[in-house]
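Following: one structure in structure tokens, then a few remarks.
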Amino acid sequence: MLFRRRKPATFAGKVRAFLWPRKGFSRGLRYMTLRVLRLSSTPHCIAVGVAAGAASSATPFVGLHILIAVALAYMLSGNLIAAALATAIANPVTIPFILAATYEAGVVVLGRSSHQMLSGGEIFDMLENLEFSHLWTPVLKPMLVGAIPLSMTSAVVFYGLAYAAARLFQQRREMRRLTRVASLSVSKKHEA
């Protein structure tokens, strides 16, 4: 085989690589960022797509983030690929924090007192019994209400960051292209 290891990885090596990749976790984030910046769209379209992905990631609809992001980006004339890639903000590490933040924000917006808030165990018991009518008022309603300000805030923040990054990336790429064309034309004049 062309890309096979000379020495097969041990089980412990595979576990270590799964828990902590050799190149680190930032490599995947950097790849996704460059993939979004290299899209051939205007900075506004890219930023709208990223904002749609970030907004959908701040909702409690785990599993539907990509569909929501693509629908939002389509309605707002954003880049669909950027929207789908930006939903990676909600990953297994960040989802518990996002869900907790939506719940807490919903409790604040709805003005509930601290004695009405549920503990994690009580929520787990309700989820175990799957009683939707008992889950709606104490859990789902605050999460849905709390997702609105969090989604809007993350969309505004990520729009600004993505617009600035895409604009800067495209300007630098254009400058590199122009200097390459200028150097080729100068070299052709010297040859003639």
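The values are calculated or read from the model by the stated rules, or taken from the named source; none is laboratory data. What you are looking at is a predicted structure, and each value in this text was computed from that prediction instead of being measured. Here Cβ is always computed from backbone atoms with ideal geometry, including for glycine, and neighbour counts include all displayed protein chains. Heads up: the accessible areas ignore ligands, DNA and RNA and are worked out on the full protein's heavy atoms, side chains in. Shrake-Rupley method; radii C 1.70, N 1.55, O 1.52, S 1.80 Å.
Note on the chain: dipole from Cβ charges, positive end direction compared against 41, 57, 108; the farthest Cα belongs to 41.
A Cβ-based charge dipole, computed about the Cα centre of region 1-86 with Lys and Arg at +1 and Asp and Glu at -1, lands at about 980 debye.
Which option, (1) 43, 26, 12; (2) 28, 21, 16; (3) 31, 21, 16, is the value of semi-axes √(5λ) of the Cα gyration tensor in Å that was calculated from these coordinates? Read-out from the structure maps to (1).
The phi torsions of region 63-69, fed into the Karplus equation with coefficients 6.51, -1.76 and 1.60 and a -60° offset, translate into couplings of x, 10, 4, 5, 4, 5, 5 Hz, rounded to whole numbers, with Gly and Pro shown as x.
Considering only protein heavy atoms, what per residue accessible area in square angstrom results for the chain with a 1.4 angstrom probe?
Working: 13620 Å² over 192 residues.
Value returned for the chain: 71 Å² of accessible area per residue.
Sorting 163, 103, 31, 74 by solvent-accessible area of protein heavy atoms yields 74, 31, 163, 103, largest first, with a 1.4 Å probe. Placing dummy labels 7 Å off each Cα toward the beta-carbon, the span from residue 179 to residue 35 is 2.9 nm.
Only one residue of 186, 84, 8 has its Cα farthest out toward the positive end of the dipole of the chain, where Lys and Arg carry +1 and Asp and Glu -1 on Cβ, and that residue is 186. Mean-square fluctuations from a GNM of the chain, with a 10 angstrom spring cutoff on Cα atoms, peak among 18, 169, 61 at 18. With viscosity 1.567 mPa s and temperature 4 °C, the Kirkwood radius over alpha carbon pairs of region 1-90 converts through Stokes-Einstein to a diffusion coefficient of 87 µm²/s.
Only the Cβ atoms of Lys and Arg (+1) and of Asp and Glu (-1) were treated as charged; on that basis the dipole of the chain about its Cα centre amounts to roughly 2000 debye.
Would you mind calculating the relative contact order of the chain from Cα pairs under 8 angstrom and at least 6 residues apart, reporting the percent as a whole number? The partial results should precede the final answer.
Details: 207 pairs, mean separation 49.5, N = 192.
Relative contact order here is 26 percent.
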